[in-house]
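Data first, discussion second: the structure below is written as structure tokens.
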Amino acid sequence: MDLTGKSALVTGASRGIGRAVADALARAGMNVTLTARDEQAVTAAAGEIAASGPGRAQGVAADVRDPAAMESAVQRALSAYGSLDAVVANAGVGVFASIDEMSIEDWQRTVDTNLSGVFYTVRASVEALKRSRGAIITVGSLAGTNFFAGGAAYNATKFGLAGFSQAIMLDLRKHGVKVSTIMPGSVATHFSGDAPGPADSWKIQAEDIGELVLYLLRTPERTLPSKVEVRPTHPPGS
């Protein structure tokens, strides 16, 4: 599938996986709308991606926890590029604490971002994607399959995201909209609050997820990879 001239929206795109995905899409010739909460950061990221092309890019400040903000971001994408062919719902947060130590605020922030935020993103874009017979890719985690101590909020949202993604896949394929979810293991990003370094070389790299998104978008129309689990090939001790 030739992606040249098609349009994509990527959430959580100022850095990490979202930034790498947006860069991969633009290099494939797609016109990309990047969203993130930090206007300065997302505008800078879009400018750098647009400069390297060949696809165009624009940055839009939008919080996935705000339904109106996501509706506005989709309209910005449609106004700039005329259609919306793919949405990559990547924005997420990680709060890890034992349940007896977790605050109500941290629980709500995790649920609102990782689960409700994806719903708001999909809801805002679904009619445009029906028109284009486009694609939705949600970025989950192996934490949506494997639970662990201290992961009550994170596990709950990632298990929920996996279920949400598979359910909407069944809802939307009759409209020609393909839905896939990517569930990565350890990825070298700023997610934990630390900048990736040489010690993270064994991990999946953010650009690897970008290539996986391209693979999914280029999969023949008759074929739907609905869930992709991806792990580091050589974790420590292997």
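Quick notes on this structure:
- Other-chain or far-sequence residues with amide H under 5 Å of residue 32's (modelled H): 8, 56, 57, 58
- Under the Karplus curve 6.51 cos²θ - 1.76 cosθ + 1.60, θ = phi - 60°, whole-Hz ³J(HN,Hα) for the stretch 88-103, x wherever Gly or Pro sits: 10, 8, 10, 4, x, 10, x, 10, 10, 6, 4, 4, 7, 10, 7, 7
- Packing-based exposure ordering (other Cβ within 10 Å, fewest first) of 136, 99: 99, 136
- Here is the list for the stretch 91-197: GluC sites (Glu not before Pro) lying in DSSP coil, each with at most 10 other C-beta atoms within 10 angstrom of its C-beta, are 101.
- For the stretch 1-156: rounded, prolate or oblate by the Cα gyration tensor [a/c cutoff 1.5]: prolate
- The chymotrypsin sites (Phe, Trp or Tyr not before Pro) of the stretch 136-168 that meet both conditions, a loop assignment by DSSP and at most 14 other Cβ atoms within 10 Å of the site Cβ, are 147, 148.
- Each residue of the stretch 62-70 was assigned a 3J(HN,Hα) from its phi angle through the Karplus curve 6.51 cos²θ - 1.76 cosθ + 1.60 (θ = phi - 60°); the sequence is 7, 9, 4, 6, 10, x, 5, 5, 6 Hz, with glycine and proline shown as x.
- Longest site-free stretch - the chain; sites: trypsin sites (Lys or Arg not before Pro), DSSP loop, at most 14 other Cβ within 10 Å: 1-132
- ³J(HN,Hα) computed for each position of the stretch 232-238 - Karplus, 6.51 cos²θ - 1.76 cosθ + 1.60, integer Hz, glycine/proline x: x, 5, 10, x, x, x, 7
- Cα-based reach from residue 178 at 27 Å (exclusive), listing lysines while leaving out same-chain residues under 8 positions away: 6, 130, 158, 227
The numbers here are math on the coordinates, done by the rules we state, and not lab data. Just so you know, these numbers come straight off a predicted model, no measurement behind them. Reconstructed Cβ throughout: ideal geometry from the backbone, glycine too, with neighbour counts over all protein chains shown.
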